[in-house]
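The values are calculated or read from the model by the stated rules, or taken from the named source; none is laboratory data. This one's a predicted model, so the numbers in the text were calculated from it and none came from an experiment. Quick reminder, even Gly has a Cβ in these numbers, built from the backbone with ideal geometry, and neighbours come from all protein chains shown.
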């Protein structure tokens, strides 16, 4: 193939590529939790992250993420972690998945509100965490946003709104529990990790006007 022909083919190929979306911009992140080891001394630690996803309009979509990191003292099999981020059971006795609390500057809990929603939510599924590996998982349902406010929504049953211009400091903390239900079949390979992570609080304020 002549060079000029090859250039035309390459140009045509590049024109067909769809540019990748910009990654979410981190607006707040908490410290890593203490590592929690299971009976086989396989350990995981985690933290909360708030990140803003770019949109094509003036609205802002700020999502809550959970980051998990393999933190064992020794090298072992890849960890299999059941992340119940698509849960729809919000009874107090059910502890699986992510549970968050928002407090004000005085340490008082900020009341959350429910909301109508019919869009997509993150899946509850097994994820793989190799030795020394880190993964970031979205907890917030897709498309949650509020006009002139930051919508903090860690699950389908919880929503807080922080108005733009609100200079008060808020703290978002949480627990992340991995305890797959009996009817959820574990993977055939790897090591199934179970445990509860106490996720340190991150600090957030209203967006400046």
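The set of residues from region 71-85 being within 16 Å of the chain's Cα centre (by Cα) and not in a loop (DSSP other than H, G, I, E, B) comprises 81, 82, 83, 84. With respect to residue 206, is the statement that it is assigned to a loop (DSSP other than H, G, I, E, B), surrounded by 16 or more Cβ atoms within 10 Å (Cβ to Cβ) and touching a residue at least 24 places away in the same chain (Cβ under 8 Å) true? So residue 206 fits the description; yes. Note on region 11-31: residues that are surrounded by fewer than 18 Cβ atoms within 10 Å (Cβ to Cβ), in a loop (DSSP other than H, G, I, E, B) and at pLDDT 90 or above total 1. Here is a check on your reading of the model: is residue 105 at pLDDT below 95 and either closer than 24 Å to residue 142 by Cα or touching a strand residue (DSSP E or B) at 6+ places or on another chain (Cβ under 7 Å) (or both)? The answer is no for residue 105. Just so you know, in region 161-190 the residues that are at pLDDT below 95 and assigned to a strand (DSSP E or B) include one that is nearest to residue 120 (Cα to Cα), and it is 161. Looking only at region 86-125, count every residue that is in a strand (DSSP E or B) and surrounded by 17 or more Cβ atoms within 10 Å (Cβ to Cβ) and tell me the total. Residues flagged as in a strand (DSSP E or B) and surrounded by 17 or more Cβ atoms within 10 Å (Cβ to Cβ) within region 86-125 amount to 6.
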